[in-house]
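Please treat every number below as a calculation from the coordinates, not as lab data. From a predicted model like this one, the values you see are computed outputs, not experimental measurements. All Cβ positions, even for glycine, are placed from backbone atoms using ideal geometry, and neighbour counts span all protein chains on display.
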């Protein structure tokens, strides 16, 4: 977790952006979580002294962290997970286990290239590509 926070601080400093207390708190909570979290779970945990924080504060922090690549939004269920490869420049896929709900981040350069070419052939300009998969992780499959 501390490495991710240091990476976030450095990335913000290089970008000339502020790493505010709410942004730090949201990232700390996500980095400590073993499973992806919904925004409302973050709202209830991000406040001080056990108090919930205001929803716009958390949503703005999530937007900021997602834009910097420090957090990923899992589109299938609108949850968020801290990035395992902060500041990466290669495409990433997220695989979410239906049993334990853990999300695994995987690079997929070759598949991204194929999808980008397919879009190009169709005259489609991709601005964002989201690849997510659901199933069962190896640990849960072995435990079954």
Hey, could you check segment 9-26 for residues that are in contact with a helix residue (DSSP H, G or I) (Cβ under 6 Å, 6 or more places away or on another chain) and part of a helix (DSSP H, G or I) and say which is surrounded by the most Cβ atoms within 10 Å (Cβ to Cβ)? 26
Taking segment 45-54 on its own, how many of its residues are surrounded by 13 or more Cβ atoms within 10 Å (Cβ to Cβ) and out of contact with any strand residue (DSSP E or B) (no Cβ under 9 Å at 6 or more places or on another chain)? 4
Per the filter on segment 58-76, residues farther than 24 Å from residue 134 by Cα and surrounded by 18 or more Cβ atoms within 10 Å (Cβ to Cβ) are 58, 61, 64, 68
